[in-house]
Amino acid sequence: MSDKNYWHTVSRLHFDDARRREWISALVDAFRHAPNDLLAFEEVRQRLQIRGQRDLGIRTVPIDHIVGSEGRYTDFDRHFLPRSDHIRERWMNVDRAAEQFIELPPVDLYKIGDVYFVRDGNHRISVARRNQQHYIDAHVVELHVDVPLTADVSGDDLPIKEEYNDFLEWTQLHIHRPQQHIEFSERGGYLELIRHINAHRYFMGIDMKRDISTTEAVVDWYDAVYMPVIVVIRNQDAIKLFPGRTEADLYRWIMDHRWRMLEESGGNDPGPEVATREYVDAFGAKPWFKRLTDRLSDVL
């Protein structure tokens with residue numbers, strides 16, 4: 001067998017192996033409820049406001065942080081395994097070069113937050129991933145956005161990320177309180193926060209007998225309303241009783257509960273600590289033995 005035929009056979013076997021792995025990864029990700037699709041860079045760019053960019057030069061990048069592509073996001077899965085046979089020849093050409101230690105140029109990536117999107121080099125990344133390579137050299141251009149992205153982001157998360165982006169654009173909270181990190185697990189939460197801020201602004205105006213600027217209301221709401229509840233949630237370790245939810249989710253629900261308690265008591269605010277404890281006791285996921293004793297108490 002000639003060298004050419006030998007390397008062609010090796011690369012064909014490697015591609016077939018990658019296709020089998022893609023099928024298995026789809027099943028595993030479905031079972032784990034993990035994202036299996038690459039993100040479309042254009043959709044991310046449209047949903048999140050890009051405020052600027054800078055060239056980071058050549059960097060060594062973890063491959064598992066590459067979560068999307070500018071143009072080939074349907075050709076590969078989230079693990080950069082090939083999804084169809086139509087890319088076989090190009091994939092095999094890259095694989096043959098890798099097997100023969102032919103130096104390939106760095107791939108080109110966009111960086112947004114903690115994740116990367118491919119500008120050029122999808123097949124090189126796919127071959128590297130199939131060969132169990134964990135890092136790859138890349139020419140990186142960082143795009144600046146206000147909303148953080150992490151490696152577990154999925155396409156279903158993008159509408160919520162867009163709402164977060166709009167919320168920050170309206171409040172400028174990320175500028176006045178850079179440590180802020182307000183994440184919801186479902187849509188609609190940020191609009192509710194804007195209602196909270198507007199109500200807080202109204203009552204601040206009554207108390208202070210003057211007009212309150214948006215910035216002043218946002219900062220005071222964050223410091224005097226939002227964070228005290230978050231501190232109580234953390235002190236009570238409440239988040240562990242609400243799997244899959246976030247601190248912002250709990251804040252929203254606790255504030256609704258606190259308002260109902262205030263109305264039922266004739267205007268006495270229970271405060272964040274009492275409201276949080278009562279809400280968690282009523283709606284938090286309880287250990288099996290606590291559920292059993294509660295049920296026995298109801299019977300007895």
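The values are calculated or read from the model by the stated rules, or taken from the named source; none is laboratory data. Model, not experiment: these values are computed from the prediction. Positions of Cβ are backbone-derived with ideal geometry, glycine not excepted, and every protein chain shown enters the neighbour counts.
The table that follows gives values for the structure above.
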| read-out | value |
| --- | --- |
| Close pairs from the range 32-52: first free of Cβ contacts under 8 Å to residues at least 60 places away in the same chain, partner surrounded by fewer than 18 Cβ atoms within 10 Å (Cβ to Cβ) and outside any helix (DSSP H, G or I), Cβ under 6 Å, at least 6 apart | none |
| Inter-residue pairs, beta-carbon under 6 Å, first in the same structural domain as residue 122 (by TED's automatic domain parsing) and in the range 95-109, second among the aromatic types (Phe, Trp, Tyr), 6+ apart | 96/7; 109/116 |
| Looking only at the range 27-40, and only at residues there that are surrounded by 12 or more Cβ atoms within 10 Å (Cβ to Cβ) and of a type in the set (Gly, Ala, Ser), the one that is farthest from the chain's Cα centre (by Cα) | 40 |
| Selection from the range 130-142 of residues that are in contact with a strand residue (DSSP E or B) (Cβ under 9 Å, 6 or more places away or on another chain) and either modelled with pLDDT under 95 or in a loop (DSSP other than H, G, I, E, B) (or both) | 130, 134 |
| Selected residue [assigned to a loop (DSSP other than H, G, I, E, B) and farther than 30 Å from residue 121 by Cβ] from 192, 186 | 186 |
| Selected residue (criterion: farthest from the chain's Cα centre (by Cα)) from residues of the range 7-26 that are under 22 Å from residue 102 (Cα atoms) and among the β-branched types (Val, Ile, Thr) | 9 |
| All positions within the range 169-196 that are basic (Lys, Arg) and surrounded by 14 or more Cβ atoms within 10 Å (Cβ to Cβ) | 177 |
| Some residue of the range 173-182 being in a loop (DSSP other than H, G, I, E, B) and in contact with a His (Cβ under 9 Å, 6 or more places away or on another chain) | yes |
| Boolean, residue 166 is surrounded by fewer than 20 Cβ atoms within 10 Å (Cβ to Cβ), under 30 Å from residue 252 (Cα atoms) and at pLDDT 95 or above | yes |
| Conditions (1) under 19 Å from residue 142 (Cβ atoms); (2) polar (S, T, N, Q); (3) exposed (fewer than 14 other Cβ atoms within 10 Å of the Cβ): number failed by residue 84 | (1) |
| Single residue of 222, 226 found to be of a type in the set (Ser, Thr, Tyr), within 12 Å of residue 247 (Cα to Cα) and touching a residue at least 12 places away in the same chain (Cβ under 8 Å) | 226 |
| Identity of the residue in the range 150-163, in contact with a helix residue (DSSP H, G or I) (Cβ under 7 Å, 6 or more places away or on another chain) and of a type outside the set (Asp, Glu), that ends up surrounded by the fewest Cβ atoms within 10 Å (Cβ to Cβ) | 151 |
| Number of the exception - residue 229 against (1) part of a helix (DSSP H, G or I); (2) surrounded by 15 or more Cβ atoms within 10 Å (Cβ to Cβ); (3) out of contact with any Pro (no Cβ under 9 Å at 6 or more places or on another chain) | (3) |
| Residue within the range 190-211 that is more than 14 Å from residue 255 (Cβ to Cβ) and in contact with a Lys or Arg (Cβ under 7 Å, 6 or more places away or on another chain) present | no |
| Sole residue being in contact with a strand residue (DSSP E or B) (Cβ under 8 Å, 6 or more places away or on another chain), touching a residue at least 40 places away in the same chain (Cβ under 8 Å) and either farther than 20 Å from residue 80 by Cα or surrounded by fewer than 21 Cβ atoms within 10 Å (Cβ to Cβ) (or both), chosen from 145, 118 | 145 |
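Yes/no matrix, rows are residues, columns are (1) among the polar types (S, T, N, Q); (2) farther than 22 Å from residue 258 by Cβ; (3) outside the structural domain of residue 253 (by TED's automatic domain parsing):
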{"site": "167", "(1), (2), (3)": "no, no, yes"}
{"site": "180", "(1), (2), (3)": "yes, no, no"}
{"site": "192", "(1), (2), (3)": "no, no, no"}
{"site": "198", "(1), (2), (3)": "yes, no, no"}
{"site": "202", "(1), (2), (3)": "no, no, no"}
{"site": "225", "(1), (2), (3)": "no, no, no"}
{"site": "232", "(1), (2), (3)": "no, no, no"}
